[in-house]
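Remarks on the structure that follows.
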Amino acid sequence: MNLDNCPRCGKLFAKNIRDVCQVCLRDIDKEYEKCATYLRENKGAMITELSDQTGVSIRQITKFIREGRISMMDAPNLSYPCESCGVLIRESHLCDACRKRLTKDTRRMLDDEQTKKDTETTNAAEIYKGIERYKKL
């Protein structure tokens, strides 16, 4: 049996498919029901309004959206925070600006690595040539 502490309440529980204990799982399901009910009655709600009116954290609402439990199609004004900068988005995990920055940084890192390898190869070749010249003397 795989035992773990519940990340929500800290109690020890037998970990299975879920990462939280049964009590917290029931609480999460109740939170989902509150959100779903509120969104049925207020289709134009934003995430901050939904959180304020239901008492469910923005983080948990974002989890519901990412799990597909809350549909973005039925809530035209609903968006959730970018995981990097916090700007509100409607798809993916990152906003366009953060995605572009990450892609640019990755390219720069790969270019730097390639430049470093090229420099090391050039230096090794020059050392080899120097050794060969020394042998001829």
Residue among ILE70, ILE65 that is of a type in the set (A, V, I, L, M, F, W, C), assigned to a helix (DSSP H, G or I) and closer than 19 Å to SER51 by Cα: ILE65
If you go through region 122-137 one residue at a time, do you hit one that is of a type in the set (A, V, I, L, M), outside the structural domain of GLY10 (by TED's automatic domain parsing) and assigned to a loop (DSSP other than H, G, I, E, B)? yes
So which residues in region 20-38 are part of a loop (DSSP other than H, G, I, E, B) and closer than 18 Å to ILE61 by Cβ? VAL20
Would you confirm whether or not region 109-117 contains a residue that is surrounded by 10 or more Cβ atoms within 10 Å (Cβ to Cβ), hydroxyl-bearing (Ser, Thr, Tyr) and under 14 Å from the mean Cα position of the chain (by Cα)? no
Members of region 54-77 that are touching a helix residue (DSSP H, G or I) at 6+ places or on another chain (Cβ under 8 Å), surrounded by 15 or more Cβ atoms within 10 Å (Cβ to Cβ) and either in the same structural domain as LEU102 (by TED's automatic domain parsing) or not aliphatic (A, V, I, L, M) (or both): THR54, GLN60, THR62, PHE64
Test of understanding: among GLU91, GLU31, GLU49, which residue is touching a residue at least 12 places away in the same chain (Cβ under 8 Å), touching a Phe, Trp or Tyr at 6+ places or on another chain (Cβ under 9 Å) and charged (D, E, K, R)? GLU31
Qualifying residue in region 96-105 (condition: surrounded by 13 or more Cβ atoms within 10 Å (Cβ to Cβ), outside the structural domain of VAL20 (by TED's automatic domain parsing) and more than 14 Å from the chain's Cα centre (by Cα)): yes
Residue that is modelled with the lowest pLDDT [pool: residues in region 12-33 that are surrounded by fewer than 15 Cβ atoms within 10 Å (Cβ to Cβ) and charged (D, E, K, R)]: ARG18
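Residues checked against (1) of a type in the set (A, V, I, L, M, F, W, C); (2) under 22 Å from PRO7 (Cα atoms):
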position	(1), (2)
PHE64	yes, yes
ARG90	no, no
ASP105	no, no
THR115	no, no
ALA125	yes, no
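The values are calculated or read from the model by the stated rules, or taken from the named source; none is laboratory data. These numbers were taken from a predicted model, which means no experiment stands behind them. Note: ideal-geometry Cβ built from the backbone for every residue, glycine included; neighbour counts use all protein chains shown.
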